[in-house]
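Undergrad: What follows is a single structure, and I will ask about it in a moment.
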Amino acid sequence: MPRRRKPDSAEVIRRLVAVKVMIASMKDAMPTAARDLRRQAGESIDDIIEAIR
């Protein structure tokens, strides 16, 4: 299996901004949707951390 390349700073910033928007959208979301958005945000942050290791 080929080794994955480390993301460049622009890609990391783009992904973090997407998570920030997802978190901001939780403010007005219904409880079930907010719970799903929190889960997705957590998974996205985990993916970003793993990508830059």
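Values quoted throughout were computed directly from the atomic coordinates according to the rules given, and no laboratory measurement underlies them. What you see is a predicted model; the values in this text were computed from it and never measured. Here Cβ is always computed from backbone atoms with ideal geometry, including for glycine, and neighbour counts include all displayed protein chains.
Undergrad: Of all residues in region 30-45, count the ones that are over 14 Å from A18 (Cβ atoms) and not small (G, A, S). Spell out the reasoning first.
TA: Going through region 30-45, the residues over 14 Å from A18 (Cβ atoms) turn out to be 30-36, 38-39.
Next cut, not small (G, A, S) only: 30-32, 35-36, 38-39.
Here the count works out to 7.
Undergrad: Evaluate region 24-45: report whether one residue or more is at negative phi, outside any helix (DSSP H, G or I), in contact with a helix residue (DSSP H, G or I) (Cβ under 9 Å, 6 or more places away or on another chain) and among the hydrophobic types (A, V, I, L, M, F, W, C). Steps first, please.
TA: If we filter region 24-45 for residues that are at negative phi, which is where we start, we get 24-45.
Restricting the remaining residues to those that are outside any helix (DSSP H, G or I) gives 29-30.
With the extra rule that they be in contact with a helix residue (DSSP H, G or I) (Cβ under 9 Å, 6 or more places away or on another chain), the set shrinks to 29.
Filter once more, so that each one left must be among the hydrophobic types (A, V, I, L, M, F, W, C): 29.
Scanning region 24-45, I find at least one residue that is at negative phi, outside any helix (DSSP H, G or I), in contact with a helix residue (DSSP H, G or I) (Cβ under 9 Å, 6 or more places away or on another chain) and among the hydrophobic types (A, V, I, L, M, F, W, C), so the answer is yes.
Undergrad: Going by what's in this entry, would K20 be described as in a loop (DSSP other than H, G, I, E, B) and either touching a helix residue (DSSP H, G or I) at 6+ places or on another chain (Cβ under 9 Å) or surrounded by 11 or more Cβ atoms within 10 Å (Cβ to Cβ) (or both)?
TA: Answer is no for this residue.
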